[in-house]
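K.L.:
Could you have a look at this structure, given as structure tokens, before my questions?
Where a number appears in this text, it was derived from the coordinates with a stated rule and is not lab data. Please read all numbers here as calculations on a predicted model, not as lab measurements. Counting neighbours? That spans all protein chains shown, and the Cβs are built from the backbone with ideal geometry, glycine included.
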Amino acid sequence: MPDASKFRVFSPPQLPKPVGYSHLAEISGGKIIYIAGQVAMDASGNIVGKGDYSAQLQQVFANLKTALEAAGASFKNVVKLNYYIVDSVDRSQFFAYRAVRDKYVDTANPPVATVVVVRGLFSPEFLVEIEAIAVV
């Protein structure tokens, strides 16, 4: 559970009930960490999971975890996730990001999130890019 003295994520009952995310993140203290969009590259700069959306999601979340830890944080500190998923991802697999995300975030109190379908990312091999904001 996040430190309530620094932030809280919640969804007011006047908004539609969200599935897997919260509507609001209220920051009241702490250090804010912005993590640039992460793609499916390993530490050596090699693309992981070419053409495999699920494998790319695994690598992206691993990269986010590494970035968070480097800043002295964890997924418990994440208040916002932004997903950019290419339109070539099969709609039957589109929501696979939820299963991967749920291995990392507090599913009872999930971060705020935005999902955007894009035509492409900076390299055509990438199927997904995710950025994060955390508070410690």
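K.L.:
Rg over Rh of the stretch 61-112, using C-alpha atoms and the Kirkwood radius, what does it come to?
P.N.:
1.00
K.L.:
Now for a different question. At what distance in nm do the modelled label points of residue 42 and residue 24 sit from each other, each positioned 7 Å from its Cα along Cα→Cβ?
P.N.:
Rounded to a tenth, the inter-label distance reads 4.5 nm.
K.L.:
For residue 10 and residue 119 in one chain, what is 0.36 nm times their gap in residues minus the Cα-Cα distance, to one decimal in nm?
P.N.:
36.1 nm
K.L.:
In the stretch 72-136, what trypsin sites (Lys or Arg not before Pro) fall in a loop by DSSP, with at most 15 other Cβ atoms inside 10 Å? Please list the in-between numbers first.
P.N.:
Values: sites: 76, 80, 91, 98, 101, 103, 119; in loops: 91, 103, 119.
Loop-located and lightly packed - 91, 103, 119.
K.L.:
Quick one: 3J(HN,Hα) in Hz for the stretch 26-31, Karplus 6.51/-1.76/1.60 with θ = phi - 60°, rounded, Gly and Pro as x.
P.N.:
Couplings: 10, 9, 10, x, x, 9 Hz.
K.L.:
Excluding residue 43 itself, calculate the net charge of residues whose Cβ lies under 15 Å from the Cβ of residue 43, where each Lys or Arg counts +1 and each Asp or Glu counts -1.
P.N.:
-1
K.L.:
Pairs of Cα atoms under 8 Å, at least six residues apart: use those to get the relative contact order of the chain, whole percent.
P.N.:
Over the chain, the number comes to 37 percent.
K.L.:
Out of 58, 14, 38, any idea which swings most in a Gaussian network model of the chain, alpha carbons joined below 10 Å?
P.N.:
Per the Cα network of the chain with a 10 Å cutoff, 14 tops the list.
K.L.:
Further question on the same structure: Distance between the C-alpha centers of the stretch 70-129 and the stretch 22-40? Whole Å please.
P.N.:
Rounded to whole Å, the Cα centres lie 13 Å apart.
K.L.:
Let me ask something else. Once amide H atoms are built 1.01 Å from N in the peptide plane, which residues 5 or more positions from residue 115, or in another chain, come under 5 Å H to H?
P.N.:
So residue 115 has HN proximity to 83.
K.L.:
Same structure again: If you fit an axis through the alpha-carbon atoms of helix 53-70 and take the longest principal axis of the Cα set of the chain, what angle between them do you get, 0 to 90°, nearest 10?
P.N.:
50 degrees
K.L.:
Quick one: work out Rg over Rh on the C-alpha atoms of the chain, Rh as Kirkwood radius.
P.N.:
My calculation of the ratio gives 0.97.
K.L.:
Springs between alpha-carbon pairs under 10 angstrom, Gaussian network model over the chain: which of 39, 118, 79 fluctuates most?
P.N.:
Of the options given, 118 has the highest mean-square fluctuation.
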